[in-house]
Structures are given as structure tokens and as C-alpha cells.
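Data first, discussion second: the structure below is written as C-alpha cells.
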Amino acid sequence: MPRPTAATPPRPEPAAPSDPARPPIQLPTQAHGPADTDTLETAAAAARRCTVCAPVLPLGPRPILQVGTGARLLITSQAPGTKAHLSGIPFEDASGERLRDWLELDRATFYDTSKVAILPTGLCYPGRLPRGGDCPPRPECAPIWHPRILPLLREVRCRLLVGAYAQRLVLGPGPGLAERVRDFRRYLPTHFPLPHPSWRTLRWAAANPWFEAEVLPALREVVRGVLR
Ligand code: SF4
């Protein structure tokens, strides 16, 4: 990744917030941030060409992400499933249907890159565990791509942390998923922890009725406010 040199032109100042009442959130930057020549398009294109984990990915690399410079809602989830891997479209499965229902977003809005960005914890399908369920997101992925892409998403107002992997990545170790989701107000207005919308969550939601009664109405209100 090129480092600044005396010949490197200064990076343009970020645009002034378009909505002073709800300014963009500060997404984390780390030592290996965007190259000075990066735009969101070039960084995303580089991510889509990534083959770092090729030796260990059972279906091979197919990085899946959705970004746009104007996106105001950022979804950080786990990793693509097999259907998303085959289609190349994030959340192109029953989990995606459930997530769109939780957010009260139709497909057109959910896949509108000027409104919604999707940057999973791992960009490629990681394979299956021997006892069932998908493997964890590849640990190489977020340290490589999140610091390069996140600072270029300058209009994000709220980041949804979908599932335990995303929550541990962004919030660090701490309480379990249910406790974080139930305590969602603590992370507003910049973050909103959610369970992963897999079929397993149906049973979890039935055992935790506060999720549909309290969390989903608040989530929909946040999403409406961010995307209005
Ligand atoms: S999981 Fe991430 S780091 Fe690994 S090949 Fe895919 S994009 Fe690259």
C-alpha cells in the first residue's frame, strides 16, 4: 500500500456534513488506512480482487460487499452464505429477507448503494463447520479491508452490528449477544447491535419476546431517521 511521499498531493478535505443535525459517525481508522490514491471505488475494486485466503476457502474467493459514497446506513454482518456466494449479492437468501423485514426496507432500498453499505466481518464464504453451521469469518479479512474502506464511507450515520462476530469486532469482548441487543440504547446513535437473522434466531426471538416488542420498533425508527 503506497505511503505518503513529498510528491503525494494532499488528500482532499472530507465534504462538509450534508445533515448537520445527524453528522456522520467516526468510523475507525488504523495504521493501515486507505492509500492516499484510494477512492471508495478503487478500494472496493481491490477488495473484490482479493485472494489472500484462497488456500483455505472451500468455494474459493468471492469477496462480497456493497458500498457507495453517499451510504448513510452501514451493515456489518458475519460473512456471506452459500447463496450469496453463488449470486454475488449480499443477503440474497432467507436471512436477507428476514433482515429486510426487521429493517422494514424493500429490496430496492436495501440494495441502493447511495443509501445502504454492507461490509461483512469476512467478505468471502468461509465454509461449513463439521457439526453444521458456517465457519467463522476469516480472521485475515477485517484487518486488511475494514481500515481501508471504512474511512471512505464518510456519510454513515449508523452502523448495524449484525451477529456476535460483528459485535466482537467493533465493540470488543464483553457481554453476550442477547445482553448487547437488549441494551441496544447504550450504543445509539452510532451503532445498533442485532442478532444474525438466520433461522436459528426464530427460536431465540420466541424465547426473548422483548426483541420484537422493543428492539425492532426502535430499529425501524433509527433506520427511517438515517435514510430519510
Ligand atoms: S475473506 Fe477477505 S481476506 Fe480472505 S480472500 Fe476473501 S476478501 Fe480476501
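Out of the residues in segment 65-92 meeting the condition of being farther than 16 Å from L153 by Cβ and hydrophobic (A, V, I, L, M, F, W, C), tell me which one is surrounded by the most Cβ atoms within 10 Å (Cβ to Cβ).
Among them, the one singled out is F91.
For segment 164-181, which residues satisfy the criterion of being more than 16 Å from the ligand (Cβ to nearest atom) and buried (at least 17 other Cβ atoms within 10 Å of the Cβ)?
Once the filter is applied, which keeps residues that are more than 16 Å from the ligand (Cβ to nearest atom) and buried (at least 17 other Cβ atoms within 10 Å of the Cβ), segment 164-181 yields A164, Q167, V170, L177, R180, V181.
Is at least one residue of segment 53-64 within 15 Å of the ligand (Cβ to nearest atom) and either basic (K, R) or farther than 21 Å from D134 by Cα (or both)? First the steps, then the outcome.
Residues of segment 53-64 within 15 Å of the ligand (Cβ to nearest atom): 53-64.
Still in the running and either basic (K, R) or farther than 21 Å from D134 by Cα (or both): 62.
Yes, that holds for at least one residue.
Do we have any residue at all in segment 128-142 that's within 16 Å of the ligand (Cβ to nearest atom), more than 14 Å from P58 (Cα to Cα), without any contact (Cβ under 8 Å) to a residue 60 or more places away in the chain and surrounded by 22 or more Cβ atoms within 10 Å (Cβ to Cβ)?
no
Looking for something under 21 Å from R22 (Cα atoms) and either at pLDDT below 95 or over 13 Å from the mean Cα position of the chain (by Cα) (or both) - is there at least one such residue anywhere in segment 142-149?
No, the conditions are met nowhere in segment 142-149.
The values are calculated or read from the model by the stated rules, or taken from the named source; none is laboratory data. Note that the structure is predicted; figures quoted are calculated from it, not measured. Virtual Cβ from ideal backbone geometry, glycine too; neighbours counted across all protein chains shown.
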